Amino acid sequence: MVETMTTNGKTTSETSSKARRKRERKLPTLIATGQQERKTLKLSGSISANAQEVANTKFPLLTPFVTSPESSELFVKLSRHEVVSLLSQQRFSTAGVVGYLVNLA
């Protein structure tokens, strides 16, 4: 193993073992105000014109989609092999699933 001296007089193995960690930034706390007893929520959005294979790596993670333009059930891709229904919270395989991306407005 060849060790070289760095400009500050330490060997490369010393500097790599003491690498600085990036300081984690804390996220602000979400403060909910008022009453939150809404039973339904109406969202408007647009559905993409073309269906894409959900298992494809180009299909984005954590983006809502529907399985047909007439469907009202939203799904989200969690991983390459798994999607979840936002309505029932059931998880499904991505095998053979095509989806239309939904852009919520």
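What the table below lists for this structure:
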read-out	value
Environment charge of GLN89, counting only residues whose C-beta is closer than 13 Å and scoring Lys/Arg +1, Asp/Glu -1	-1
Per principal axis, descending, Cα span of region 46-104 in whole Å	25, 24, 18
Label-point gap, in nm, between HIS81 and ALA49 - each point 7 angstrom along Cα→Cβ	3.6
Gain on full stretching of the segment that runs from SER88 to ILE31 - 0.36 nm per residue minus C-alpha separation	17.9 nm
Loop trypsin sites (Lys or Arg not before Pro), region 52-97, which have at most 13 other Cβ atoms in a 10 Å radius of their Cβ (DSSP)	LYS58, ARG80
FRET efficiency for ARG20 and GLU70, using Cβ-Cβ distance with R0 set to 41 Å, rounded to 0.05	0.15
Carbon and sulfur %, accessible surface of region 46-104 computed with the full protein complex present, 1.4 Å	53
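The values are calculated or read from the model by the stated rules, or taken from the named source; none is laboratory data. All of these numbers come straight from a predicted model, not from anything done at the bench. Quick reminder, even Gly has a Cβ in these numbers, built from the backbone with ideal geometry, and neighbours come from all protein chains shown. Each accessible area value is taken on the protein alone, full model and side chains, heavy atoms only, with ligands, DNA and RNA left out. Shrake-Rupley method; radii C 1.70, N 1.55, O 1.52, S 1.80 Å.
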